[in-house]
Amino acid sequence: MTATKRTAPLADLGHVPWPEIKDSTGSAAGIPVLLTILARGDADSADTAFGQLRRRICQFGFVVDEATAATVPFLWELVRLPQVTCRAKILRLLKSIADARQWETTAVAYPKLLHHPDNYVAWERAARRAVRDQRDVLRQLLAEPDTEIKRASTELAAALTD
C-alpha cells in the first residue's frame with residue numbers, strides 16, 4: 001500500500017506575484033493573509049477575512065479586479081476543505097465572479113475602455129474563466145449533507161451552465 005502525500009492548504013500561494021497585481025485597494029499583497037485566515041481561522045476571524053477579501057476581489061458583488069482570477073483557484077481549494085467555516089459564502093462569491101459583466105457591459109457603450117492601460121475587460125473574462133475551469137468540484141459539493149453548501153453549489157452550477 002502506498003501513502004498519498006497530502007499538501008498543506010494553499011501551498012501554492014507563494015507562486016503568485018501578489019505585490020505586482022492589483023485588487024480594489026491597490027496592491028494585492030494582502031490577499032494571501034486573508035486566504036490563510038479563511039483556511040485556518042475560527043468562524044469570527046474567517047468571517048471578517050472573507051468580508052475583506054470579497055471587497056478586494058469582487059467589490060460591490062460585481063466589480064472584479066486583476067487579482068480576482070489569481071485568487072479563484074484558492075477559493076475552489078478552500079470550498080473543498082470541510083474545516084473552512086464560510087464555504088457557502090465562498091461559493092456565493094464564486095457565483096458573483098462568474099456573473100460579473102460590469103466592465104464588459106461598460107465597454108459596449110465605451111469601446112475605449114478596451115484600450116485602457118488597466119485591462120478591466122480582460123481581468124473580468126479571466127476571472128470568469130477561472131471559476132469555470134474548476135466547476136467539476138461542484139459534483140463533490142452537491143453530494144454533501146450540508147443544505148447550505150448544496151444550495152450555494154446548485155446556484156453556482158446554474159450560473160455556470162452554458
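Since every read-out is calculated from the coordinates, none of them should be taken as a lab result. Remember, it's a predicted structure, so these values are computed and weren't measured experimentally. Please note: Cβ atoms are built from the backbone with ideal geometry, for glycine as well, and neighbour counts cover all protein chains shown.
Only aspartates and glutamates eight or more places from LYS112 in sequence, or on another chain, were considered; those with a Cα closer than 14 Å are GLU104.
Only helical DSSP H runs with n ≥ 4 go in: add -39500 (n - 2.57) per run for the chain, normalise by residue count and round the 222 nm mean residue ellipticity to 500 deg cm²/dmol.
That calculation yields -17500 deg cm²/dmol at 222 nm.
How tilted is helix 43-57 with respect to the longest principal axis of the chain? Cα atoms for both, answer in degrees (0 to 90, nearest 10). In the chain, helix 43-57 runs at an angle near 20 degrees to the longest axis. Taking a straight line from the alpha carbon of LYS150, these aspartates and glutamates sit under 16 Å away, with near neighbours fewer than eight places off in the same chain left out: ASP136.
In a DSSP loop and with at most 12 other Cβ atoms within 10 Å, the chymotrypsin sites (Phe, Trp or Tyr not before Pro) in the stretch 59-162 are PHE60.
Compute the helix-to-body angle for 87-99: its Cα long axis versus the longest principal axis of the chain, expressed 0 to 90° and rounded to tens. Between helix and principal axis, roughly 30 degrees.
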